[in-house]
There are 2 protein chains.
Amino acid sequence: MQGGTMADSSGPVWTPLVVLELASDTAEEAVTWLLRRIRDTQHNGGADLLVEQLGLGVETQKKQNPNLFLVGASNQRLLAGAEDVGLFKEYSDGSMRGFTCASKHNFKDFNGDGDGFLSMAECQYIIKHELDTLRAKDETHVPGHSHAKLYPGKSIKQRQTKTSLTQRNQRDRRPWPSKGSMRKVIVNALSTDDIRHYYGEGQALYFGFLEYFTFALVPMALIGVPYFLFDWEDYDKYVIFAAFNLIWSTVILELWKRCSASLAYRWGTLSRKKAFEEPRPGFHGVLGFNPVTGREEPTYPTAKRHLRVYLVSVPFVLLCLYLSLYVMMIYFQMEGWVLSIHDEEPTFWTGILLFIPSIIYAVVIEIMNLIYRYAAEFLTEWENHRLESSYQNHLVLKVLVFNFFNCFASLFYIAFVMQDMVLLRQSLATLLITSQILNQIMESFLPYWLQRRRNKKMIRKVQKRATLQDKELPLEEQVRLEADMSTYLGTFDDYLELFLLFGYVSLFSCVYPLAAVLVVLNNITEVYSDAFKMCHVFKRPFSEPAANIGVWQLAFEAMCVIAVVTNCSLIGMSPQVKAYFPESDTQLILWTVAIEHCLLAIKFILSFLIPDVPKQIQVKLARLEFESLEALKKKLKATIRATWALITPEQ
Amino acid sequence: MQGGTMADSSGPVWTPLVVLELASDTAEEAVTWLLRRIRDTQHNGGADLLVEQLGLGVETQKKQNPNLFLVGASNQRLLAGAEDVGLFKEYSDGSMRGFTCASKHNFKDFNGDGDGFLSMAECQYIIKHELDTLRAKDETHVPGHSHAKLYPGKSIKQRQTKTSLTQRNQRDRRPWPSKGSMRKVIVNALSTDDIRHYYGEGQALYFGFLEYFTFALVPMALIGVPYFLFDWEDYDKYVIFAAFNLIWSTVILELWKRCSASLAYRWGTLSRKKAFEEPRPGFHGVLGFNPVTGREEPTYPTAKRHLRVYLVSVPFVLLCLYLSLYVMMIYFQMEGWVLSIHDEEPTFWTGILLFIPSIIYAVVIEIMNLIYRYAAEFLTEWENHRLESSYQNHLVLKVLVFNFFNCFASLFYIAFVMQDMVLLRQSLATLLITSQILNQIMESFLPYWLQRRRNKKMIRKVQKRATLQDKELPLEEQVRLEADMSTYLGTFDDYLELFLLFGYVSLFSCVYPLAAVLVVLNNITEVYSDAFKMCHVFKRPFSEPAANIGVWQLAFEAMCVIAVVTNCSLIGMSPQVKAYFPESDTQLILWTVAIEHCLLAIKFILSFLIPDVPKQIQVKLARLEFESLEALKKKLKATIRATWALITPEQ
C-alpha cells in the first residue's frame, strides 16, 4: 500500500476528487484487497481509479480513523466514465448529445486533452458511479471479514458496511457570489448554472425553483401591498385578489415545468436515459433472480409490500392525523379556558396567560412533526422498497400529508368551523412569521455555530504545531474537519418548507393578502441561508442528476386545487358576498359552487393547453431523435446495398 | 410497360397486396416514370416493389379507369421493409423485440423463408410505407405534368394528386366467425388478435375496446335490472346505484389502460418508436427548412395557427353551441305550445301533434351534427396543421364538444332547470333507443344495401359474358368492384358513438338504471354491425399502428368527471334526500357538495394508484431497456479493451 499523502514533498500528481472512508476496524487485508480492486484496470474488472491514503492529522489520539482515502482518476478515465454513465454535453452545433469518447472533439468547450470539460460535480458523480458499480468477481466474502458474503456480480460498495463515500475536496466552495454582489444573485437567474457546476442538477434545480418561486410571487405581493396599506376590508376587492391568485398560481406552476425543462435540457439531464436502478442498500429478502437483469439479488413479493402499505402504513398515518386533530381540539379548549379566565378578572398575569396555549401548541406541533418524521422513516424502511426512488416517494407522501394537516388544521378549523376571519388573519400571520424565523435559525445558524466551535478548536490545535500564515488548513486537516460535518440529506426539507409557505400564500390568500409579501421577503433570505448551509454546515453532497423537481410538482399542483376550494368557500362565507343574496343562502352556495367548478375547469384546461416543454426544446429533442432514426436507416440501407452488391457483382 | 394482368394464363407469380389507382387522365409518361421508380432497386433510390397493371374488366365503357395497378413485393423485400418501419415481433424467448433481418431466425413463428411470418395487414402497411417514402431524386416535376413540381427529397406520393392507395386484394375477408359461432365472439376476447391480423392495430383496439366496454357494463346492467323489474323508485337505492356506477366507471377506465397496454405489447406497438411524422398532404405554407430534419418543406408559423384557433375556431364553436342552445329552447317552447293545445281540446290529432316537436328536434339535431361536422372539418383544415395527428386531435375535440352539447343539452335542461325527473327518464329512454336504431341502420345496412345493388349489377354483367360456377368474380372484376366501395374514414365515428352511449349510461344513471342494459344490448349488436360494415361496406382500410385509443381515453375520463357532478346534483335534488334535511336546504347542498368533492378526490387517487401498465409488462419492457443498455456498455468495454491492447501489446 502506498502511504504517501497528497501534501508530501512530491506534490499531488492528480486532483483528489472523492474521499473514501472505511470503518476504522476494517481488517488490513480487506483494505488492501479493496484498494487493489479500485486500482486494477477495467480489463481485469477493476475500477481503474487512482487512490491514496490520507495522512494522519495533528490529532494523533486513537479516535482518529486511519482509513481515509483520496480517490481520483486520470482525465482519460473520467471521459470514458462520462460516456459510461451517459452524460449529455453541448455539441458544437449547440444541441445536447450523449458524450462519446470517439466524437469528443466535436463537443463544445472540449480543448486539448479535455481538462475542465467535465464539471467538478460530474467528475465526482462519475467516480461515485464507478465505485458503486465495482462488482465482486469470484470472491465469496470480503477478505478478513468472513461474515461479509459476496457473490459474483454483487456490488462491493453495498457490502462495505460503513463506507461513507462523501466529501468534497476542492476548497473553492463558494459558487454563490460574495456579499458585495448580493443583488446579482437575485437578478441573475443564471447563477443556477454555477450551482449546478459545483453541486449538481438536483441542488441547482432546487435553487432554480426557489428563485423562480420568489419572482413568481412578486406580482401577488405587489397586488397585496395596497390591501395592507389602505386597510381594504372590502370583500369585492378580495374576490379580485383571490381570482387573480388562483389563476396566477396555476400559470406559474405550468410555466415552471417549461422553465425546468429548459434548465434540464441545458444541463443534459432531460434527454438522458436513466440507468437501471440497483436495489437500495436497506432492501432485504430471499435471494432470487431479478426478472429484468437475470442477476441474483434479494427479492421481496410486491403483494406483501402492498399489504404492509395498505394494512399498516395507511392506518398508522390516519391514526396520526386523528391524534393531530385531537391535540388541536385540546388547544382550542385551552384557548377558550384561558380567555374565560382573562375575561372574568383581567390582570397582567392573565394577559400573559393568553399567549401560553399558542406557544404550547406551536411547540407541540414541532415535536409531533419531528416524532412523526422518525416514525415515517421507520415505516417506509419497513415497507422494504426495492428502489431508492420508490422509498423516497412513499416517505415524501407520508410526511407531506401529515405536515400539511398538522400545520393547516387549526387554520381550517378557525376558517370553516369557527368562521372567525379576524382570528384567522391573526393566526395566519403568527404562524407564518414564527415558522419562518424558527426555520432559518434551526436549519442553518444553529448547525453553523456548532460547526464553527469545532472548527476553531481544530485551528487552535493546528496552530499549536505549526504557524499558519493565513487561516487555510493543510489538506489532511481540512478533509478530517469536513468529514465531521453533518451529512446533507437531500433537498427534501427545503422543498417541504417551500411547500408549506406556498400553502400559507395560496390557501387563505383572500383573507390575508400580505402573506405573499412575507413569503417573498422570506425567500430572499432563504436563498442566502440555504447557500450558507450548503457551504458551511454540510459536507459537500454528491450531485444527483435530476430532470425535474419530481413529486414536488405534483404536491404544489395539489395545493393549488385545494386552494381553489378554500378560497371559494371563504369568499362565499364573507358578509359582503352574503349581502348580495339577502333572501336565501341556497342561491349563494349554488353560485359559489358553480364558480368553484368553473375555476377548477379553467385550471385543468390551462394546464392542458400550456405545453410542458418549450417548442424550441421540443424541436431540438425531435431533431436528435430524427437523426438517430436516420442513422439507423442509413445503416440498414448500407447493409442492403452490400447484400445487393454480393448478389449481382457486375450489373 | 408490362400490360399483363394477374389472371392471365401464366398465373400470378407473386401475391398482389395493394392496388394503386392513378387519376385516369394521368399522362402516359408519368405512369411509365412512376412504375419505373417503384420497380427500381433501392440502390438506385427506387422502392424495389413488384407492380403490374390490372386488366380491363367486362365494362369496356369509357368511364373505367385504366390506371389501376397491383403492387406486391418479394418475401425478402417485405422482411427488409419490416425492419425499416421498425416492426416489433415475438422473439423466441417470448418477449417482443424490434425485428431485424440479421436475427430473423430467432423470432418465433419464423420458418423457412419467412412465409406467413408477417400478417397481411403488416405486409400492406409496409408496402404503403415504402410507396409513401418514395422520394424525388433530381426530377424538377412529374414527367408529363409540368405543373406538378418536385424537389429532391419530396415525397412522390404527395404529389400524385389523386393517388388513392387503398384496396385489399385478398378475398378471405371474414376475420369474424360465421353466424354459427356467434357466441364465441362474445365470450372469446382473443378474436381481437384475428382482427389485428387482418385490419391492423387501430381497428383491433377499437373492437377490443368495444368488447371490453360491453363486458364492463354487464355488472351495471345486472344491478340495474331489479330497479326496472320491481319499480324501485326509492332514491336511497338510487344513491347506492349511482355511487357504485361512479366508482365502477373510474375503475373500468383505469383497467382499460392496462388492458390496452397488454394488447399493444402483444402486438408490438407499445414499445415501437414512432417514425418521424411527415407533413399531412393538405398542409401548405412558404417553402422553408424543417428545423428537425433540415429538409426543404412548407413552413407555417405556429403563432398564426394559434391566432386562427383562438380567434376564429374557438369563437365559432362557441357560436355553434349557442345556436344549439337556441334551437333547444325553441323545441321546449314548441313542446309547451303543443301541450297547451292538447290540454285545451284533446283530440286524436292533437295527440299525434304531441310527438311532432320531438321528431322535428331529433331531425334538426342530426342535421346540425352533420352540418357542424363539415364546418369543423373545413375549419380544422383551414387551421393548417402540419401533422395528421394534430389535425385529428383538433377535429376530434371540436366535434366532441358540439356533439356532447347537442345530444345532452336538452337532458341537462330537463334535469336541472325544469327539474322534472319523470320527463328526464322518458327523454333519456327515447333518445337512447332511437339513436341506437338510427345509428345501426345509417352506418351499415343502408350503405350495404346500396353496395349490394351495384354488386348484383356487376355480377349480372359478368354472367352475360361468361358462366360463373360459383358466385366468385374474377380478380380484375373483384378489384374494380371493391374500388367503388366507400372509403372507411377511420374509427372516429365508431368511438364517437360509444362515447355518447357512455354519456347516456353515466351522466343520468341514477334516474334511469336501465340505460346500462340497453347499451349492453346495443353493443352486442354493434359488434356485428361494425364487423359487417368493415367486411361488406368499406374498402379494406390500411392498418394504422396504434398503442392506445388516444384522445378517446381522455374524453371518456372527462365524461366520468362530469358524471360525478351530475349524479351528485340529481341525488341532492331528489325529494327523498331532501326529506332528510327538512329544516334547511343549505345543509343539504353543503353535504351534496362535500360528497361530490370526496368522490372526485377518490377518483383521482384511484387513477393515481392503479398503474397504467401491468407489472408483468413493465418488467418485460425494463428487461429490453436493460439489455440494450448492457449491450452498449459491452461495446464500450470492448473498445476500451482494444485500446488497452494497443497501448500495452504484451503485458
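Peptides A:240-247, B:489-496 ranked from most to least packed, by the mean per-residue count of other Cβ atoms within 10 Å: A:240-247, B:489-496. Given 25 °C and 0.890 mPa s, compute D for segment A:563-620 with the Stokes-Einstein relation, Rh being the Kirkwood radius over Cα pairs; round to the nearest whole µm²/s. Value of D from the Cα-based Kirkwood radius: 181 µm²/s.
With a Förster radius of 25 Å applied to the C-beta separation of residue A:430 and residue A:345, the computed FRET efficiency comes to 0.45. For segment B:250-296, the share of alpha carbon pairs falling in successive 10 Å distance bins from zero is 20, 28, 19, 24, 9 percent. Note on residue A:587 and residue A:442: with the Förster distance fixed at 56 Å, the Cβ-Cβ geometry gives a FRET efficiency of about 0.70.
The largest accessible area among A:316, B:508 belongs to the first residue in A:316, B:508, and the rest follow in falling order (1.4 Å probe, all chains). Between copies, the label points of residue B:326, set 7 Å from Cα on the Cα→Cβ line, lie 6.5 nm apart, reported in increasing order to one decimal in nanometres. So, R0 is 60 Å and r is the distance between the beta-carbons of residue A:286 and residue B:39; what FRET efficiency does that work out to, to 0.05? So, using R0 = 60 Å, E works out to roughly 0.45. Among the listed pairs A:635/B:273; A:603/B:304; B:108/B:539; B:273/B:620, those whose Cα-Cα separation exceeds 20 Å are A:603/B:304; B:108/B:539. The mean number of partner chain beta-carbon atoms within 10 angstrom of a residue's beta-carbon across peptide A:586-595 is 3.
Taking the label point 7 Å along Cα→Cβ, residue A:378 and its counterparts in the other copies are spaced 7.2 nm apart, in ascending order.
If I model a spin label as a point 7 Å beyond the Cα along the Cα-Cβ vector, how far apart are those points for residue A:615 and residue A:565 in nm? Each label point lies 7 Å from its Cα, and together they span 3.8 nm. Summarising the label geometry, the points placed 7 Å from Cα in the beta-carbon direction at residue A:374 and residue A:141 lie 3.4 nm from one another. Within the shell defined by Cβ-Cβ distances under 11 Å, the residues around residue B:268 carry a net charge of +2, with Lys and Arg each +1 and Asp and Glu each -1.
Among A:118-125, B:110-117, how do they line up by average Cβ neighbours within 10 Å per residue, starting with the highest?
In descending order of packing, they fall as A:118-125, B:110-117.
Taking Cα centre as origin and charging only the Cβ of basic (Lys, Arg, +1) and acidic (Asp, Glu, -1) residues, the dipole magnitude of segment B:253-301 rounds to 400 debye.
Kirkwood-type hydrodynamic radius, segment B:217-368: 22.8 Å, calculated from all non-identical alpha-carbon pairs. The mean number of Cβ atoms from other chains found within 10 Å of a Cβ in peptide A:599-608 is 1, as a whole number. Among the protein heavy atoms, those of residue A:213 account for about 10 Å² of accessible surface (1.4 Å probe, every chain in place).
Each Lys and Arg contributes +1 and each Asp and Glu -1, all at the Cβ; summed about the Cα centre of segment B:231-343, the dipole is approximately 1140 debye. Ranked from shortest, the separations from the 7 Å Cα-to-Cβ label point of residue B:315 to its equivalents in the other copies are 6.2 nm. Rg and Dmax of segment A:521-609, both derived from C-alpha coordinates alone, stand at 21.2, 66 Å.
Taking 0.36 nm per residue of sequence separation and subtracting the Cα-Cα distance, how much length would be gained by fully extending the chain between residue A:32 and residue A:244, in nm to one decimal? Intermediate values should be presented prior to the final figure.
Values: separation 212, 0.36 × 212 = 76.32 nm, distance 6.55 nm.
Full-extension gain reported as 69.8 nm.
Per-residue mean of foreign Cβ neighbours for B:288-294 is 4 (Cβ atoms of other chains, 10 Å radius). Here's the picture: charge each Lys and Arg Cβ at +1 and each Asp and Glu Cβ at -1 in segment B:524-600, and of B:550, B:580, B:600 the one pushed furthest to the positive end of that dipole is B:550.
The values are calculated or read from the model by the stated rules, or taken from the named source; none is laboratory data. The structure presented is a predicted model; accordingly, all values stated were derived computationally and were not measured. Here the Cβ is made from the backbone with ideal geometry for all residues, glycine too, and neighbour counts use every protein chain on show. Accessible surface areas use protein heavy atoms only, side chains included; no ligands, DNA or RNA. Shrake-Rupley method; radii C 1.70, N 1.55, O 1.52, S 1.80 Å.
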